[in-house]
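Comments concern the structure below.
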Amino acid sequence: MSLFDFFRRPTSAPVARERLQILLAHERAVIGRSDLIAILREEILAVIAKHVTMEPEKVNVKMERGDTVSTLEVEVEVPTSATARAGKKVVEAA
Amino acid sequence: MAKVLVVTSGKGGVGKTTSSAALGTALAQMGQRVVVVDFDVGLRNLDLVMGAERRVVFDLINVVQGEAKLAQALIRDKRLDNLSLLPASQTRDKEALTEEGVGRVIAELKEKFDWVVCDSPAGIERGATLAMRYADLAVVVANPEVSSVRDSDRIIGLLDSKTLKAEKGEPLEKHLLLTRYDAMRAERREMLAVEDVLEILSIPLLGIIPESEEVLRASNVGAPVTLNNPGCAPSRAYQDAARRLTGEMVTMSVPRDKKGSLLGKLFGRRAA
């Protein structure tokens, strides 16, 4: 460390820049994802509700993001009477 | 064709009101018919910055609720004929602003003016989303500071999802206005540089407003900075930004005041 460095304060802008880049990359992913799940949930519900009667609360939508593969899990609880009414249309809970 | 411009930011205290007043005035100084609308219900300040605080009789909420005609609430600037202000209410309940009501007022303003400049409240709540709702273009005001840049990112997300234009699938023009910029500190890497902020937010740059005591001086006396001292560095930066808004090509630079000399460096550096 030279005498010159002794008088110079370390620069902080590169630190700010790096912190922001990491934070925003994370936040953009999280915020985008939560919106996507909400939209998917609504649309999937609408499609299923066309064919079977069901309770909106008994639907679970989960998304897990891995490094290589992401999985979307949709769990719909369908009452037996509703399935019977729907006739030949089979709704699978995955 | 009238344009609706929203001045927004997410974080408070970065210069939305100052910038709304300065950009609106600069556009008016170029001969455009301009109205600046204060959407910050409960905390109105645009009237104060523009020196019209003692002339407010009716406000935006009165017009939205049909208690006053638009013409009664508009305050024409004493210095510029083609500049008007629609103030916000200080006392009333924020819930008084409805989306439909705001839409009606904006449509009426668009008939009378070339530019409708909407000064947004800080935050991401209803007030801010209502201010941006009918915008054709947005100016995102940011300081070269981490919290401001982060909040700007959130606001850009809202502009892309909550505006009428975005919902219709039309592109909403977004511009970055970087305020309180100190070129020397950025050069020494003590402050995020323009390039850093642009790279992180990735929207086009409208202007760089240098940190200057002229901005506070202007708001102290109730005159938009471009009227109070048209020749000073921040005024020139706002004038350039306003020209860019009208589609003019203006080279990007950070204007500096003349006293960028050694004396200026020694004595000019004061907290605003």
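Values as computed for the structure displayed
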{"quantity": "Residues of region A:33-46 classified as at pLDDT below 75 and open to solvent by less than 40 Å² (accessible area, probe 1.4 Å), total", "calculated": "1"}
{"quantity": "Extreme residue, surrounded by the most Cβ atoms within 10 Å (Cβ to Cβ), among residues of region B:42-73 that are in contact with a Leu (Cβ under 6 Å, 6 or more places away or on another chain) and assigned to a loop (DSSP other than H, G, I, E, B)", "calculated": "B:50"}
{"quantity": "Criterion violated by residue B:157 - all others in (1) in a loop (DSSP other than H, G, I, E, B); (2) buried (at least 17 other Cβ atoms within 10 Å of the Cβ); (3) within 12 Å of chain A (Cβ to nearest Cβ) satisfied", "calculated": "(1)"}
{"quantity": "Pick from region B:185-199, criterion more than 15 Å from residue B:210 (Cβ to Cβ) and open to solvent by 30 Å² or more (accessible area, probe 1.4 Å), ranking: farthest from the other protein chains (Cβ to nearest Cβ)", "calculated": "B:198"}
{"quantity": "Which listed residue, of B:207, B:169, is more than 19 Å from residue B:125 (Cα to Cα), in contact with a His (Cβ under 9 Å, 6 or more places away or on another chain) and of a type outside the set (A, V, I, L, M, F, W, C)", "calculated": "B:207"}
{"quantity": "Those residues of region B:211-224 which are surrounded by 24 or more Cβ atoms within 10 Å (Cβ to Cβ) and either in contact with a strand residue (DSSP E or B) (Cβ under 9 Å, 6 or more places away or on another chain) or part of a loop (DSSP other than H, G, I, E, B) (or both), in sequence order", "calculated": "B:212, B:215, B:224"}
{"quantity": "Verdict on residue B:144 being closer than 12 Å to residue B:41 by Cβ and surrounded by 17 or more Cβ atoms within 10 Å (Cβ to Cβ)", "calculated": "no"}
{"quantity": "Tally, over region A:1-21, of residues that are at pLDDT 90 or above and surrounded by fewer than 12 Cβ atoms within 10 Å (Cβ to Cβ)", "calculated": "1"}
{"quantity": "Qualifying positions in region B:166-184 - in a strand (DSSP E or B) and on the phi > 0 side of the Ramachandran plot", "calculated": "B:180"}
{"quantity": "Test: residue in region B:185-206 that is in a strand (DSSP E or B) and of a type in the set (A, V, I, L, M)", "calculated": "yes"}
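The values are calculated or read from the model by the stated rules, or taken from the named source; none is laboratory data. Keep in mind that what you see is a predicted model, and the values were worked out from it rather than measured. Every residue, glycine as well, gets a Cβ built from its backbone with ideal geometry; the counts of neighbours run over all protein chains shown. The accessibility values were calculated without ligands, DNA or RNA, using every heavy atom of the protein model including side chains. Shrake-Rupley method; radii C 1.70, N 1.55, O 1.52, S 1.80 Å.
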